[in-house]
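Written below as C-alpha cells is the structure these notes are about.
The values are calculated or read from the model by the stated rules, or taken from the named source; none is laboratory data. Quick caveat, the model's predicted, so the values are computed rather than measured. All Cβ positions, even for glycine, are placed from backbone atoms using ideal geometry, and neighbour counts span all protein chains on display.
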Amino acid sequence: MNKPKHERIQKQHTLLRLGAYLFRYKWLLLLAVVLTFASNTFALLGPMLSGYAIDAIQPGMGNVRFQEVFYYAAYMLLFFFASSIFSYLLSILMIHISRQIAYSMRKDVFNKLTELPIGYFNTHQTGDILSRISYDIDTVNTSLSTDLVQISTSIITVIGAFSMMLYLSPKLVLVFAVTIPISILLTKYITGKTRPLFRIRSAKLGELNGFVEEMISGQKTLRAYHQEENTICKFKEKNKAAVDSYYTAEYYGNITGPCVNLVNNLSLSFISIFGALLYLAGSMTIGNISSFILYSRKFSGPINEAANIISDFQSTFAAADRIFRLLEEEEELIDEPDAIRFKNEKSNDTEPNHSNQASTPSTLSEQTVIIEGDVTAQHAYFSYQPDKPILKDINFHAKPGTMIAVVGSTGSGKTTLINLLMRFYDVDKGSITVDNYNIKHVTRRSLRSSYAMVLQDTWLFHGSIFENIAYGKENVTLDEVIEASKAAKIHSFIMRLPKGYDTILSDDGTNISKGQKQLITIARAMLLDTNMLILDEATSNVDTRTEQQIQSAMRKIMANKTCFVIAHRLSTIQNADCILVIHEGKIVESGTHDELLEQHGVYEKMYMAQFEG
Ligand SMILES: Nc1ncnc2c1ncn2[C@@H]1O[C@H](COP(=O)(O)OP(=O)(O)OP(=O)(O)O)[C@@H](O)[C@H]1O
C-alpha cells in the first residue's frame, strides 16, 4: 500500500476510535450541539440588526430615527447576551465531556498495560509509555474541550453567514466567492505538508521522556561512571530535537492562518468596490453593505481559525494515534476457553474442586484442580526472536517438595527458564507440565498464583511495610505478616523502626538497604500459600550469615513445596535435591552437588573457580 493511502486509512481509523469514545457521551454531545446552535444563531443575528440600525440613520440632523436605532440596539444586546450565556454553558459541558474521555482513556491505557505481554516492556521505553498516558492524553483532552466547539461553531457560522450574505446580495456573494477556493486550497496544501511534522513532534517528546526516565532511574550508575556531562550532552541533543520538532510543527502549522487571512482581506477590498457600485445602482442600502461586510468577516473568521484548528487537530491526531497504537498492541494471548484452573492446596479458595488426583490429568470439563507441584520439562525449546534459539531441548523433573537449583554462566538462559515456568512466554516446542497438566492448557492467572516469586530486582511500592509484605494476598492479619517476617529474618529490623510495620517505604523502598528490601520480598513470598516457589538470586544482597538463617527458615516453610532457585553463589545451593547446569541454553549436567563434582565437568569448574576465588 502506498504511504499517503496508508496514512489516510490510519487517520480514518484514529478518527473512528476517537469517535467511539465520543459516542459514549452521545446525549451530552447532543446537548452540546443544541447549545452551539443556539449560541451561534443568536450571534449571527447581530450584523443584520446592526444593518437595520444603520439604515435608520439617514443623512441630515433631523433624519435619525432614534426609536428604531434603540429598538435594534436593544435586540442586539439581548441576542449577544443570550449567545454568551449559551457559549459559557457549552464550554462547561465540553470540559466535562473531555475530562470524562481523558479519564476513560487513561483507565483503558492503564488496564491495557496490565494485559500486555512482558515482552512489550522490554522493547518500549518506560518514559515513552508514560508520555502516552500523560502528555498525549492531555493533548487529546484539551483539543476535545476547545477544538470540537470551535469546529462546530465554525460550521454553523460559515453556513449561517453565507446564507445571510446570499439573502442580502447574491451578486456581492459572487465577488466574495472568488477568494474562497483560494483560501481553502491554501489551507489544504499547508496542512497536508504539516501533518507529519506533528507526528514527529509527539515521537520526539516520547523519546525525551524515555531518556529522562532512564537517567533518573540510573542516577547512581551515572554518577559513579562520571557520565554527568555526557548525559547532559545527550539530553541537550534530545531536548533540542524535541524543541526543534515542536518549533517546526508549530511554525508550519501557524503559517496557514496569516496566509489565509491575507487572501480573505483581499475580498474585503473587492466587496467595498462592488458594494459601492450596487449602492449607486440602488440595489443595496448602506446598512445592507455594512451587514454584508460583517457577515463576510464572520465567514472568513472560522476559515482562518479552521487553519489553526486543523493544525491543533494534527497534534491531536498524532497524540491519539500513539494512544490507540498502544491500545491496539497485541495482548497476552487469552487462555483457552476450557483452560484448567490450578488451585492451591492450602488456599481458602471456596471454588468447587473437582479433581484431587494430582498426577492424573483431568478431563477438560473438570476446570479446577489441586496441584502438588510436580514440574516437568520435556524437550522444551524457546527463542525470543525467530532463528535465535535461547533454550534448547530442556528436560528436567522436579518432584513435589524438592529444591531445584539452576546454575550457569551469565546469559546462559536461567531467567528465561523461569519466564517459561511462569508463562511470561510460551515454549516454542516441547512442553512444561505441572502435575502432568501441560501449562499451555492452564489459566495464566492460576498458574502464576501457584508460584511465589522473589526476583533479583526487588520491587517495593510506596506504602507501609505491612502493605508491601501483604501484597498479593487478601485479608492478611498482622500476625501472619509477623510470622512471615520472622521467618525471613526481617522482623527485628522492622520492630526497631519507630513506626514498625506502619513505616512508609518511599518510592521503590529507597529508604532501606538492598538486603532489607530483599528480605521484605522474601517475607512477601513466604506469606503466600503456594506449592511452588521461585527464588531468582533471592539472597544475593544479604550477608552469608543471614542467608544461612533464611535458608534454614525457608527449608522449614518450604517443606512440601517445589522450589526453583537461581544462584550465582554455589555455596547456597549445595543441599539442593537437583542442580541443573545450563550452558548456552542447554542443560549440560544435572544431579546433586556431590554427583556433579564427581562428574568433573562444567559444575566442578564453576565450583572450583568460586572456591578458589
Ligand atoms: N526480552 C529478551 N529479548 C531478546 N533476548 C533476550 C531477552 N531476554 C533475554 N534475552 C537473551 O536471552 C539469553 C538468556 O538470557 P537470560 O536472562 O535468561 O540469562 P541468565 O542466565 O538469566 O543471565 P544472568 O545470569 O545474567 O541473569 C541472553 O543471551 C539474553 O541476551
| request: Name every residue in the range 373-412 that is within 13 Å of the ligand (Cβ to nearest atom), of a type outside the set (Val, Ile, Thr) and at pLDDT below 90, in order of residue number. | output: TYR384, GLN385, PRO386, ASP387, LYS388, PRO389, GLY408, SER409, GLY411, SER412
| Among the residues of the range 53-69, is any touching a residue at least 40 places away in the same chain (Cβ under 8 Å), part of a helix (DSSP H, G or I) and among the hydrophobic types (A, V, I, L, M, F, W, C)? | yes
| Out of (1) in contact with an Asp or Glu (Cβ under 6 Å, 6 or more places away or on another chain); (2) within 12 Å of the ligand (Cβ to nearest atom); (3) at pLDDT 85 or above, what's the single condition that is false for ASP435? | (2)
| task | Tell me, please, whether a residue that is at pLDDT below 85, surrounded by 13 or more Cβ atoms within 10 Å (Cβ to Cβ), over 24 Å from ILE156 (Cβ atoms) and acidic (Asp, Glu) can be found in the range 85-108. | result | no
| query | Among the residues of the range 165-185, is there at least one that is in contact with an Asp or Glu (Cβ under 8 Å, 6 or more places away or on another chain) and either assigned to a helix (DSSP H, G or I) or closer than 30 Å to ARG201 by Cβ (or both)? | reply | no
| query | Would you pick out the residues in the range 493-517 that are part of a helix (DSSP H, G or I) and modelled with pLDDT of 80 or more? | reply | PHE493, ILE494, MET495, ARG496, GLY500, TYR501, ASP502, GLN516, LYS517
| query | Somewhere in the range 441-453, is a residue within 15 Å of the ligand (Cβ to nearest atom) and under 22 Å from MET526 (Cβ atoms)? | reply | yes
| query | at pLDDT 85 or above, among the hydrophobic types (A, V, I, L, M, F, W, C) and surrounded by fewer than 21 Cβ atoms within 10 Å (Cβ to Cβ): does that describe LEU130? | reply | yes
| message | Going through GLY411, GLY430, GLY401 one at a time, which residue ends up being among the small types (Gly, Ala, Ser) and free of Cβ contacts under 8 Å to residues at least 40 places away in the same chain? | response | GLY411
| query | With ASN264, ASN209 as the choices, which residue is surrounded by 18 or more Cβ atoms within 10 Å (Cβ to Cβ) and farther than 30 Å from VAL158 by Cα? | reply | ASN209
| message | Any residue that is within 30 Å of MET284 (Cα to Cα), assigned by TED's automatic domain parsing to the domain that holds ILE289 and touching a residue at least 12 places away in the same chain (Cβ under 8 Å) - is there at least one of those in the range 183-204? | response | yes
| field | Odd one out for SER283 among (1) part of a helix (DSSP H, G or I); (2) surrounded by fewer than 20 Cβ atoms within 10 Å (Cβ to Cβ); (3) modelled with pLDDT under 85 | value | (1)
